[in-house]
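Student: This structure is in structure tokens; I'll ask about it shortly.
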Amino acid sequence: MFKILEKQVFSPIIKQFIIEAPKVAKSCKAGQFIILRIHEEGERIPLTIADYDREKGTITIVFQEVGKSTTQLGQMEAGDYIKDFVGPLGEPSHIEKFDGPVVVVGGGVGIAPVHPIARDLKKAGNHVIGIIGARSGDLLFWEDKMREACSELLVTTDDGSYVRKGFVTDVLKEVIEDKGKENIPMVLAIGPQPMMRAVCNLTKEYGVKTIVSLNALMVDGTGMCGCCRVSVAGTTKFVCVDGPEFDGHEVDWLELGRRGAIFKPEEQKAMEHHQC
Ligand code: FES
């Protein structure tokens, strides 16, 4: 059993937990994820690690309530226990000193997993330009942590309720134009699938390499069940063991979107049942 040590509510649907998980904290690296189950019968929820403290033996996760299981998770409180908390899983982010500024883009709840990657890229000596965005100012979180993790940070909101109005892609376009496409060795984007896809469409036009961290349905998390399969450069990959990060220009986004929608009716029913 894994104890929730702290809970923070960023908005009615976005919450942060600090979980006691010393073995995961000891070996995890930026970009990896965990799979948790609230109870014996619970759905497996994959979440990318947002932060960790090796000395305290804790892992930070930030999640958005999008269905029955994440809503139940959000109803848990500090002091409660989670049944399973397995990890670290997946391949860590590739960190190196790049020749030129790297851009990290976090959209919505994707700001959280971008954070440790930005921090490690900066630690490796890179000039890290962070772009974070949300639908509105009240859904934005970790601006202070991201400011610390990046060399410079640009903030935007879709509705203009905080800092400026625009999508993260609008800001990214300005950064690419300003720095010059040939000077940016890499963009890394994490967020909702439409956002990552929009980032990839934009960077493809400029020929700027783009890494995305995919969120797929998962069951075993060990490459055995095939649930998380995705087509990348025409070959089948498993997000849980080959990812979660992939070259965004090679991902088959249409197929990924279709697979993600397969269980929508069941999710809807489960949610309705939960609310009864
Ligand atoms: Fe089963 Fe990835 S979750 S293969």
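The values are calculated or read from the model by the stated rules, or taken from the named source; none is laboratory data. In this text the structure is predicted, and so the values were computed from the model without any measurement. Methodologically, a virtual Cβ is constructed for each residue, glycine included, from the backbone with ideal geometry; neighbour enumeration extends over all protein chains shown.
Student: Are any residues in the stretch 94-110 within 17 Å of the chain's Cα centre (by Cα) and in a loop (DSSP other than H, G, I, E, B), and if so, which ones? Before you say what the answer is, go through the steps one by one.
Tutor: Keep residues of the stretch 94-110 that are within 17 Å of the chain's Cα centre (by Cα), which gives 94-95, 103-110.
Of everything in the stretch 94-110, those that are within 17 Å of the chain's Cα centre (by Cα) and in a loop (DSSP other than H, G, I, E, B) turn out to be H94, I95.
Student: Sort through T71, T60 and tell me the only one that's in a strand (DSSP E or B) and of a type outside the set (A, V, I, L, M).
Tutor: Numbers: T71 fails: in a strand (DSSP E or B).
After ruling out the rest, the residue left standing is T60.
Student: Next up: Considering the stretch 111-169 alone, what residues qualify as being outside any helix (DSSP H, G or I) and small (G, A, S)? Spell out how you get there, then give the answer.
Tutor: Of all residues in the stretch 111-169, those outside any helix (DSSP H, G or I) come to 124-136, 140-142, 150-167.
Within the stretch 111-169, A124, G125, G130, G133, A134, S136, S151, G160, S161, G166 qualify.
Student: Only residues that are of a type in the set (S, T, N, Q) and either on the phi > 0 side of the Ramachandran plot or modelled with pLDDT under 95 (or both): list them for the stretch 205-230, please.
Tutor: N215, T222 - these are the residues of the stretch 205-230 that are of a type in the set (S, T, N, Q) and either on the phi > 0 side of the Ramachandran plot or modelled with pLDDT under 95 (or both).
Student: Condition first: among the aliphatic types (A, V, I, L, M) and either assigned by TED's automatic domain parsing to the domain that holds P113 or surrounded by fewer than 16 Cβ atoms within 10 Å (Cβ to Cβ) (or both). Can you find one or more residues in the stretch 50-62 that meet it?
Tutor: Scanning the stretch 50-62, I find no residue that is among the aliphatic types (A, V, I, L, M) and either assigned by TED's automatic domain parsing to the domain that holds P113 or surrounded by fewer than 16 Cβ atoms within 10 Å (Cβ to Cβ) (or both), so the answer is no.
Student: Can you pull out every residue in the stretch 21-42 that is free of Cβ contacts under 8 Å to residues at least 40 places away in the same chain and touching a Phe, Trp or Tyr at 6+ places or on another chain (Cβ under 6 Å)?
Tutor: The one that is free of Cβ contacts under 8 Å to residues at least 40 places away in the same chain and touching a Phe, Trp or Tyr at 6+ places or on another chain (Cβ under 6 Å): A25.
Student: Out of the stretch 215-240, which residues are among the aliphatic types (A, V, I, L, M) and under 16 Å from the mean Cα position of the chain (by Cα)?
Tutor: Of the stretch 215-240, the ones among the aliphatic types (A, V, I, L, M) are 216-219, 224, 230, 232-233, 239.
Result: A216, L217, M218, V239.
Student: Being of a type in the set (A, V, I, L, M), touching a residue at least 12 places away in the same chain (Cβ under 8 Å) and within 19 Å of F98 (Cα to Cα) is the requirement here; does V114 meet it?
Tutor: Judged against the criteria, V114 is a match.
Student: Within the stretch 181-200, is there a residue that is within 16 Å of the ligand (Cβ to nearest atom) and either within 17 Å of the chain's Cα centre (by Cα) or not charged (D, E, K, R) (or both)?
Tutor: no
Student: Still on this structure, please answer the following. Would you mention how many residues in the stretch 119-140 are farther than 15 Å from V168 by Cβ and surrounded by fewer than 21 Cβ atoms within 10 Å (Cβ to Cβ)?
Tutor: Summing the residues that are farther than 15 Å from V168 by Cβ and surrounded by fewer than 21 Cβ atoms within 10 Å (Cβ to Cβ) in the stretch 119-140 gives 8.
Student: For G42, all conditions in the list (1) at pLDDT below 95; (2) outside any strand (DSSP E or B); (3) crowded, with 22+ Cβ neighbours inside 10 Å hold save one; what is the number of the exception?
Tutor: Looking at each condition in turn, G42 falls short on (3).
Student: Moving on. Out of the residues in the stretch 245-272 that are within 16 Å of the ligand (Cβ to nearest atom) and modelled with pLDDT of 95 or more, which is nearest to G90 (Cα to Cα)?
Tutor: E245
Student: Specify which of the listed residues (E91, E55) is free of Cβ contacts under 8 Å to residues at least 60 places away in the same chain and in a loop (DSSP other than H, G, I, E, B). Talk me through it step by step, then tell me what you get.
Tutor: On the way: E91 fails: free of Cβ contacts under 8 Å to residues at least 60 places away in the same chain.
One residue alone meets the criteria, E55.
Student: What tally of residues in the stretch 74-83 results from selecting those that are under 20 Å from the mean Cα position of the chain (by Cα) and outside any helix (DSSP H, G or I)?
Tutor: Looking only at that region, the number is 0.
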